[in-house]
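Heads up: the structure comes next, in structure tokens.
Each value in this text was obtained by applying a stated rule to the coordinates, not by laboratory testing. Because the structure is predicted, anything quoted here is derived from the model rather than measured. Ideal geometry is used to build each Cβ from the backbone, glycine not excepted, and the neighbour counts take in all protein chains shown.
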Amino acid sequence: MKATRLVLSAFLALGMASGAVWGAKFETNPGDPGNRVTFEISAPLETIVGTSAAVKGHFKFDPTNVKASSGGMFVVDVAKFRTGIDLRDEHLRDNFLNTKKYPNATFTLDKITKASKKSIKPGESVELDIEGTMNMHGVKHKEKATATVTYFDKEAAGGVLPGNVIVVKASFQIALADYGIKRPEMLVLKVGEVVDIDLTSRLTDAPKMASGGGGGCDGGGGGCDGGCGGGGGCGGGCGGCDGGGCGGCGGGCGGGGGCGE
């Protein structure tokens, strides 16, 4: 019995030393500009692109058994989407998406239907076919998506976020009619029927260790997509995270070498 305990203790210690997570819950870190959702609506006259960095979520990911990963959910504040034209943003919020009544869009992972690899090591990526439920504009609808998950242990993450880190990139296409979204007459020539959506999210299994947003503009650490030069914090000089990241730091962020954008 004693020998069994010793073997088990050694096994657990080895796992902790190697940084293995075995189905840990990864979560977004508040204020981290590495999280964003972009939509693109194409029409004959123009293409509208909008971005929101107001994204939060979690994913129970197991790099040793990818298809066993589950429990993913991502929420975006649709009122924070910006397209580059204030008047158009107002029309989209008030007349198109009705954000006062439906402020958030939520995608919940139902299952992974296909994985390009059974397991991945730190620094490796896996491609996934997934199925989930989108809840938007008061309507729930099943959607399919493709995703890429890249796993970094805490050493490879380099302090951008604490703990082990995964980067999730997902793409899917939705039909506006599925969610009861009708095109306002004033936008009838400018809005298509189908929307392409891209999600990029950076999640850590140690979010509570990231005091004040570790790596985000609000927290003052390495943020702005790994930029801000790693300098002394973004403060008010980085254009804000809600507007989509660095937003145009110009000559730098708090004297820290710029945002890399």
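Structure data summary
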quantity: Residues residue 182 and residue 155, FRET efficiency given R0 of 45 Å [Cβ-Cβ distance, rounded to 0.05]; calculated: 0.30
quantity: Label-point separation, residue 146 to residue 104 (7 Å along Cα→Cβ), nm; calculated: 3.0 nm
quantity: Estimated FRET transfer efficiency when R0 is 41 angstrom, pair residue 40-residue 208 (beta carbons, to 0.05); calculated: 0.70
quantity: Local electrostatic count, residue 26, Cβ distance below 10 Å [Lys/Arg +1, Asp/Glu -1]; calculated: +1
quantity: Sparsely packed GluC sites (Glu not before Pro) within the stretch 27-110, loop by DSSP, other Cβ within 10 Å at most 12; calculated: 46
quantity: The stretch 28-61-the stretch 121-147 distance, computed between alpha-carbon centres (Å); calculated: 14 Å
quantity: Zone residues, the stretch 139-153, relative to residue 121, backbone N less than 13 Å from point 7 Å out along Cα-to-Cβ; calculated: 153
quantity: Interchain or long-range residues, amide H under 5 Å from residue 24's placed H; calculated: 61
quantity: Most positive-pole-ward Cα, 50, 38, 72, against dipole of the stretch 10-160 from beta carbon charges; calculated: 72
quantity: Of the trypsin sites (Lys or Arg not before Pro) in the stretch 35-133, those whose Cβ has at most 16 other Cβ within 10 Å and which sit in DSSP loop; calculated: 100, 101, 117, 118
quantity: Taking 116, 42 and counting other C-beta atoms within 10 Å, the order from fewest to most; calculated: 116, 42
quantity: Residue list for the stretch 33-62, given a label point 7 angstrom along the Cα-to-Cβ vector of residue 196 and an amide N cut-off under 19 Å; calculated: 36-52
